[in-house]
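Here the structure is laid out as structure tokens; the discussion comes afterwards.
Read-outs throughout are calculated quantities, based only on the coordinates presented, and are distinct from any laboratory measurement. Since this is a predicted model, take the numbers as computed values, not measurements. Because the Cβ atoms are built from the backbone with ideal geometry, glycine has one as well, and the counts that use them run over all protein chains shown.
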Amino acid sequence: MLLDSVVVVAAAAPAQSAWLEKHDVPPDEIALAFDDAFRLAGRLVEEGQLGLEALPHLRMIDEVFSEMSQAAGTDPWTREALSADARWERARQSARGVLAVAGERDDAPLPDICIIR
């Protein structure tokens, strides 16, 4: 679940936009899915399922999304912001760092999600 959310964060803006369209969800769903999974990071490290060196990258993503949630002014939770807001690129770079540490490809297909409405 954590790596699936990181794959979505790491994806290029056009791929993220297509993923949002496919699943009919707003851009903040990327951050919400990451936030839900990020809560498991410590346990995954303790259990040896995730390397300790991934934690700084994961924390940076969390910080970027927290900063975006508290931002005044421009709305970072739009599809346009995916490519225009530098914070999205910072989150992508950190996500790619997680994937590199985990030995995962950063060009993997984006996972499907199930939305309960």
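Computed quantities for the displayed model
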{"read-out": "Within the range 38-73, GluC sites (Glu not before Pro) in DSSP loop having at most 12 other beta-carbon neighbours inside 10 Å", "value": "Glu47"}
{"read-out": "Distance (nanometres) between label positions extended 7 Å along Cα→Cβ at Leu32 and Asp112", "value": "2.1 nm"}
{"read-out": "Computed [θ] at 222 nm, deg cm²/dmol, the chain (DSSP H ≥ 4; -39,500 (n - 2.57); rounded to nearest 500)", "value": "-19000 deg cm²/dmol"}
{"read-out": "Relative contact order of the chain, pairs being alpha-carbon contacts under 8 Å that are 6 or more residues apart, as %", "value": "42 percent"}
{"read-out": "Rg to Rh quotient for the range 6-75, alpha carbon positions, Kirkwood Rh", "value": "1.01"}
{"read-out": "Virtual spin-label span in nm between Asp75 and Val45, 7 Å along Cα→Cβ", "value": "3.6 nm"}
